[in-house]
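Below you'll find the structure, written out as structure tokens, and then a few comments.
Every number here is computed from the coordinates shown, using simple stated rules; none is lab data. What you see is a predicted model; the values in this text were computed from it and never measured. When we count neighbours, we look across all protein chains shown, and the Cβ atoms used for this are built from the backbone with ideal geometry, even at glycine.
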Amino acid sequence: MVTTHHLGLPRIGTKRELKFALEAYWRGELDQRELEQTAFKIRRDNLLLQSRLDMLTVGDFSLYDQVLDSSFLFGNIPPRFRQEAGITTLDDYFQVARGASNQDTPPVAAAEMTKWFDTNYHYIVPEFQHTTEFRLAIDTLLTRITETGTDPRRIKPVIIGPVTYLWLGKSKDGSDKLDLLQRLLPIYADLLTQLAAAGVEWVQIDEPILVTELSATWQHALRNSYYQLQNSPVKLLLTTYFGQLRENLQLACELPVAGLHIDASRQQEEVSRIIDWLPMHKILSLGIIDGRNIWKSDLNAILAWLEPIHSRLRQRLWIAPSCSLLHVPLDLEREQKLDPEIKSWCSFGKQKLIELELIATALNRGRDSVSAELENNANALLTRKRSQRVIVPSVHQRMAEITPSMAQRRSPYEVRSQVQAQRLNLPPLPTTTIGSFPQTGSIRQCRRDYRNGKLTWNSYKKAMKQEIAYCIRQQEEIGLDVLVHGEAERNDMVEYFGEQLDGFAITEHAWVQSYGSRCVKPPIIYGDIERHHCMTGEWTDYAQSLTTKPLKGMLTGPVTMLNWSFVRDDQPRATTCLQLALALRDEVLDLEQAGIAIIQIDEAALREGLPLRRSEWQGYLKWATHAFGVCANGVQDSTQIHTHMCYSEFNDIIGAIAAMDADVITIETSRSDMELLEVFEAFDYPNAIGPGVYDIHTPNIPSLDEMMTLMRQAMQRIPADRLWINPDCGLKTRRWQEVVPALEAMQRAAGLLRESSA
Ligand code: GLN
Ligand code: ZN
């Protein structure tokens, strides 16, 4: 018999109940008991969902983030949040995640947040110092086991492994975090002992760093840890996901644990080597269902591959999704409006567990026992493969006709910047914004009314144009040099375009947790991408008609469209990206044709598409920047291309950024005191840069002085004639009361700097 299990489930609830409960709790509208009740209900629903599996997973639920939970489990709370009495409350927990501010005391900064491997989930970064001590706080985990009311031998708690935990954190005093391992391991030993005492037999211990390039020191830390933990009274399932083990394969197989889980959706070819290396007494858990995407699995193909493995391993084989299902939406059945054919190709969290069960049944009792289900699955896959909505010959024709020169500007930057300067006639240190202006309650209401049929298209359009007119008036009053239309009509920078392009499907409820209570709803790219009409022209042209200043057209770039969608798995990502680039290229050319002189192409997510292994970075950057080039660089010399990226790490990718050859790049810098411009300076970045001087992630209004200081720092690194002044990012989450004074101060700063350098 094969054993089924999973690595973790979505935890925001079917209707995002957790999100709404958390936000109400933070606003003081819900008490702790009510919040706990919502959380308990979600765990109970998840228990029901997994009841079809052999092992039940506990410890995957979190009120905010599982890494933050681990920090609390090990008593590793940043000193600035530590209470005298040493007792931690729910509010302490949220304070570490969100920062603390009250009227009497100065605000305490939240712990940092960063991306969880190559996903769009963000975790709270553990903080370490050479003095960090750990103390086990196991009560919550034990309660989660007992509350299931199930035989604890069937329960598999999940914890982060000690080495990955240290790897994920940050040393705050420059000390070596690995020095803490000797202090951390006894805590793990204690934890495992207590879990055994609670009746638990198996513990899932996650060490996903095994799919990354590890130095000898980190490899040694893994060896050291698991040798020290090998006498624990529970069986450890060492768990890896998100990629292949490669050079860590032997290490992963040899660590003294009772079982190994690997992501077999991405590394089928490694599995036979693993089986050869894995000692005979160990369990092998194969992650056969892709936990990162929303497509139906090819059950027959999986079975054909898995059956011989099963006959070889028998009881030693476990099967599961490749990783936690946190990264996919919960339930496809909720999508009532999704095109039925496309829906028949998809599988969300719940459906993936059903697929898993089917495979187990087929292995245990033969394929005949589930022949109808297997046939349905095969039919769905076949219609997807043959569908004319997936393969569009005209798109392939265009793809074949792409020439290298399509990704290149006509003239080098020095030449075209002169042409643009003449056309645009901008002052030195021009001011602009990143695109969006406040998304007010009335804008959102209009969108809802339109969606619910309460507002006709014409009245909706009229309302949006009023918003645009208001936004232009405000910018003119402030005196900004390059205006934007404000993006009132965009619900989301990816979904807005996805709704209008062929090859995209938009869901209603397919939310995925991004961090804390924040969720995203990525569109699904199911087929070849085609654009049939101009997507932004009407708003952009209208905005330009209201002002004599240059209006910057605003698009989401191909790489960001790709990285923030669920993508098709039947062709390389690079191909899909290039199709997006072609569609957006047409949009760029339409805007140019309409007389728009500046076009910004946002690539907010370019960096996050970087593969986990550095050895694969160049490959990704090459096709990603080529796609950007195809999208952006078909324009005349006189059209100015901007791009925007909202992060601050450019060290390793500056060459690729320069190769994109945007005339202006606006970036997030205000929090880093312009330090990140060092990279641009050292690289001798040739084009213009707009370093953000206004941190839009807080409601604070930056002062004139702060912004002047930041710009002076920037001017020390980058020649003033290649600098712009702008906020860090879009202003959609801010309120007009904050935005207007902040931009007024920014404009004044520009004026003063111009005077002083004239
Ligand atoms: N143009 C977008 C905006 O201003 C950019 C958002 C982003 O970078 N995430 O909202
Ligand atoms: Zn941004």
ask   = Looking at Ala749, is it surrounded by 24 or more Cβ atoms within 10 Å (Cβ to Cβ), out of contact with any Gly (no Cβ under 8 Å at 6 or more places or on another chain) and under 20 Å from Gly479 (Cα atoms)?
value = yes
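Can you tell me which residue among Ser405, Ser347 is under 30 Å from Gly13 (Cβ atoms) and polar (S, T, N, Q)?
Exactly one of Ser405, Ser347 is under 30 Å from Gly13 (Cβ atoms) and polar (S, T, N, Q), namely Ser347.
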query = Of the residues that make up the range 286-307, is at least one more than 24 Å from Glu355 (Cβ to Cβ), crowded, with 20+ Cβ neighbours inside 10 Å and not aliphatic (A, V, I, L, M)?
reply = no
message = Anything in the range 153-197 that is within 24 Å of the chain's Cα centre (by Cα), of a type in the set (A, V, I, L, M) and part of a helix (DSSP H, G or I)? List them, or say none.
response = Val163, Leu166, Leu168
query = Could you give every pair whose Cβ atoms fall below 7 Å, whose first residue belongs to the range 627-653 and is within 19 Å of Gly595 (Cβ to Cβ), and whose second residue is within 16 Å of ligand 1 (Cβ to nearest atom) and part of a loop (DSSP other than H, G, I, E, B), counting only separations of at least 6 or pairs across chains?
reply = Ala632/Ala662; Ile641/Ala662; His642/Ala662
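Determine, yes or no, whether Arg423 is more than 16 Å from ligand 1 (Cβ to nearest atom), in contact with a strand residue (DSSP E or B) (Cβ under 9 Å, 6 or more places away or on another chain) and outside any loop (DSSP other than H, G, I, E, B).
yes
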note = Cβ pairs under 8 Å, 6+ apart or interchain, first in the range 487-498 and under 14 Å from Arg451 (Cβ atoms), second away from ligand 2 (no atom under 16 Å from the Cβ) and in a loop (DSSP other than H, G, I, E, B), ordered by first then second residue, are Asp492/Lys521; Glu495/Ile506; Glu495/Lys521; Glu495/Pro523; Tyr496/Glu489; Tyr496/Met535
message = Of the residues Thr140, Thr114, only one is in contact with a His (Cβ under 8 Å, 6 or more places away or on another chain) and on the phi < 0 side of the Ramachandran plot; which?
response = Thr114
query = Looking only at residues in the range 597-623 that are of a type outside the set (Ser, Thr, Tyr), in a helix (DSSP H, G or I) and in contact with a Pro (Cβ under 9 Å, 6 or more places away or on another chain), which one is nearest to Ser648 (Cα to Cα)?
reply = Trp617
key: Output for the range 550-596, where each listed residue is of a type in the set (Ser, Thr, Tyr) and not in a helix (DSSP H, G or I)   = Thr556, Ser565
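So that you can scan it fast, the table gives a plain yes or no per residue for (1) of a type in the set (Gly, Ala, Ser); (2) within 23 Å of Ile274 (Cβ to Cβ); (3) in contact with a Leu (Cβ under 7 Å, 6 or more places away or on another chain):
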{"position": "Arg312", "(1), (2), (3)": "no, yes, no"}
{"position": "Glu335", "(1), (2), (3)": "no, no, no"}
{"position": "Leu338", "(1), (2), (3)": "no, no, no"}
{"position": "Glu341", "(1), (2), (3)": "no, no, no"}
{"position": "Trp345", "(1), (2), (3)": "no, no, no"}
{"position": "Gln351", "(1), (2), (3)": "no, no, yes"}
{"position": "Thr361", "(1), (2), (3)": "no, no, no"}
{"position": "Ser369", "(1), (2), (3)": "yes, no, no"}
{"position": "Ala372", "(1), (2), (3)": "yes, no, no"}
inquiry  = Out of Thr698, Thr666, Thr709, I need the residue that is of a type in the set (Ser, Thr, Tyr) and in contact with a His (Cβ under 8 Å, 6 or more places away or on another chain). Which one?
reply    = Thr666
note = Going through the range 714-743 in order, the residues found to be within 16 Å of ligand 2 (Cβ to nearest atom) and either without any contact (Cβ under 8 Å) to a residue 24 or more places away in the chain or more than 17 Å from Gly479 (Cβ to Cβ) (or both) are Asp728, Cys729, Gly730, Lys732, Thr733, Arg734
query = In the range 635-677, what residues are hydrophobic (A, V, I, L, M, F, W, C), within 16 Å of ligand 1 (Cβ to nearest atom) and farther than 26 Å from Pro611 by Cβ?
reply = Ile641, Val664
task = Hey, can you tell me all the residues within the range 374-390 that are part of a helix (DSSP H, G or I), of a type in the set (S, T, N, Q) and touching a residue at least 40 places away in the same chain (Cβ under 8 Å)?
result = Asn377, Thr383
request  = Could you check the range 429-498 for helices (runs of 4 or more DSSP H) lying wholly inside it with 1 or more residues that are under 26 Å from Ile525 (Cβ atoms) and under 32 Å from the mean Cα position of the chain (by Cα)?
outcome  = 441-451, 495-498
remark   = Scanning the range 522-568 residue by residue, those farther than 24 Å from His485 by Cα, charged (D, E, K, R) and within 16 Å of ligand 1 (Cβ to nearest atom) turn out to be none
request  = Please give the number of the condition Ile283 fails out of (1) surrounded by fewer than 19 Cβ atoms within 10 Å (Cβ to Cβ); (2) more than 16 Å from Ile160 (Cα to Cα); (3) not small (Gly, Ala, Ser).
outcome  = (1)
query = Under the condition of being among the hydrophobic types (A, V, I, L, M, F, W, C) and within 16 Å of ligand 2 (Cβ to nearest atom), which residue from the range 390-441 is surrounded by the fewest Cβ atoms within 10 Å (Cβ to Cβ)?
reply = Phe437
